[in-house]
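Report on one structure; see the data block that follows.
Just so you know, all these numbers are worked out from the coordinates, no wet-lab data involved. Quick caveat, the model's predicted, so the values are computed rather than measured. Glycine also receives a Cβ, built like all others from the backbone with ideal geometry; neighbour counts cover every protein chain displayed.
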Amino acid sequence: MAVTLKEVAARAGVSRSAVSRSFTKGASVSERTRAKVMKAARELGYSPSALASALSTGRSKLIGLVSNNFHNPVFLEVFDQFTRGLQQAELRPLLVNLSQETNPQNTLSMLRQYSVDGVIVASPSLPPGFASAFRQAGMPVVHAFGRYSTHPEVPMVGIDNIACGWLAAKTLRARGYRRIGFLGGPENASATQDRFTGFLQGASGASDLEITHCFASAYSFDAGRVTMSKELLAGPSEAYFCAEDVLAIGALSAAQSAGLTVPDDLGLLGLDDMEMARWENINLTTIHQPLPDIVAGAIEVITALLEAPERAPEQRLFPCQIIERGTLRPLPETIAT
């Protein structure tokens with residue numbers, strides 16, 4: 001039988017309400033009483049009921065963690081960091097896989113059934129309007145890996161995707177590539193659009209550049225491999241900026257299957273710096289996205305919103321940088337030395 005609050009109160013010699021307040025963050029209770037309660041709880045092996053706490057405080061401490069990226073290995077890292085970070089903040093994640101769901105109202109209805117206190121939408125490909133639907137319904141929400149806006153409707157924590165595309169084009173140009181390609185995810189995804197826009201901006205002004213582009217059906221290994229296989233048959237560019245690491249790894253597989261050597265025959269640049277990109281047999285040159293900073297920032301924002309839901313939407317953008325590995329030719333000065 002589970003130990004009850006009543007038994008802890010009897011052991012500590014206090015009222016049941018004193019026990020309840022001792023386990024409620026910010027509740028009024030003396031340190032002497034709290035110490036007696038905690039000692040009795042340890043001796044009896046008591047743990048407070050999350051359901052009872054939710055009923056008494058009106059808060060479930062559940063945070064809906066919503067995404068459509070479960071097929072992308074980088075989001076295994078993201079979800080791991082989110083779950084650990086939320087738990088450290090004394091919150092509990094409720095993972096929601098959107099799969100093919102595109103109607104935020106259906107997700108909102110489901111999350112209300114679980115009485116979540118707030119929502120983190122964790123996806124670079126969902127439109128801003130998806131997260132906005134939660135805010136319009138009065139639910140605290142933050143869009144992690146979302147799209148930057150000069151007039152945000154919801155808080156956003158992520159990177160400047162246009163700046164990353166610009167950096168990618170400049171990186172390929174600096175290595176002497178003159179036929180450069182963009183390999184994106186789904187064409188209607190906001191991250192794809194912004195990274196492609198930045199890529200074109202970074203390539204502008206160079207009359208000797210030949211630019212190509214193609215779009216994969218999903219941000220996945222298989223989609224990257226299929227898309228690059230088609231490029232190789234049609235006549236590839238010298239190097240590609242693949243808008244996510246998982247696409248670049250699929251492209252790398254296609255190139256190797258075609259008998260090409262990377263980077264001698266084909267250059268590849270990714271974006272994310274996922275754990276797999278560092279594996280010796282992949283060794284992907286990529287743009288590092290600071291995942292831990294984005295996750296921590298999103299948790300800070302949602303925690304603040306739980307206390308002050310009326311806060312104006314804020315945006316936190318984190319800088320990215322090139323991680324040199326082995327899938328691009330080196331810079332000219334590196335060759336010279």
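Could you compute the net charge surrounding residue 191? Neighbours are other residues with a C-beta less than 15 Å from the C-beta of residue 191; K and R count +1, D and E count -1. Within the 15 Å Cβ shell, the charges total -4. This ranking places 215, 145 by how few other beta-carbon atoms lie within 10 Å of each, fewest first, which gives 215, 145. When each of the peptides 305-314, 115-124 is scored by how many other beta carbons lie within 10 Å of its residues on average, the order from highest to lowest is 115-124, 305-314.
When peptides 152-159, 190-197 are sorted by average Cβ neighbour count within 10 Å, with the highest value leading, the order is 152-159, 190-197. Rounded to the nearest 500, the helix-only mean residue ellipticity at 222 nm of the chain stands at -13500 deg cm²/dmol, with each DSSP H run of n ≥ 4 adding -39,500 (n - 2.57). Under a Gaussian network description of the chain, with springs only between Cα atoms under 10 Å, the residue in 164, 242, 320 that fluctuates furthest is 320. Using Cβ point charges alone (K and R +1, D and E -1), the dipole size of the chain about the Cα centre works out to roughly 1720 debye. Can you give the net charge of the other residues whose Cβ lies under 11 Å from the Cβ of residue 146, counting K and R as +1 and D and E as -1? In short, 0. Anyone know which of 68, 161, 283 comes out most mobile in the 10 Å Cα GNM of the chain? So, out of 68, 161, 283, the one fluctuating most is 283. Other residues whose C-beta falls under 13 angstrom from the C-beta of residue 263 contribute a net charge of -1, scoring Lys and Arg +1 and Asp and Glu -1.
When the Gaussian network model of the chain links Cα atoms closer than 10 Å, the mean-square fluctuations of 126, 260, 233 top out at 233. Between the amide H of residue 315 and those of 156, distances stay under 5 Å, these residues lying 5 or more places away or on another chain, with hydrogens modeled in the peptide plane. Each peptide in 176-182, 243-249 gets a packing score, the mean of other Cβ atoms within 10 Å over its residues, and the list from highest to lowest is 243-249, 176-182. Approximating the spin labels as points 7 Å out from Cα along Cα→Cβ, the residue 213-to-residue 16 distance works out to 6.5 nm.
The order of 63, 211, going from fewest to most other C-beta atoms within 10 Å of their C-beta, is 211, 63. Distances between placed amide hydrogens fall under 5 Å for residue 94 paired with 63, 64, 65, all partners being 5 or more residues away or on another chain.
Given a Förster distance of 41 Å, report the FRET efficiency between residue 95 and residue 179 from their Cβ-Cβ distance, rounded to the nearest 0.05. Taking R0 as 41 Å, the efficiency between residue 95 and residue 179 is 0.45.
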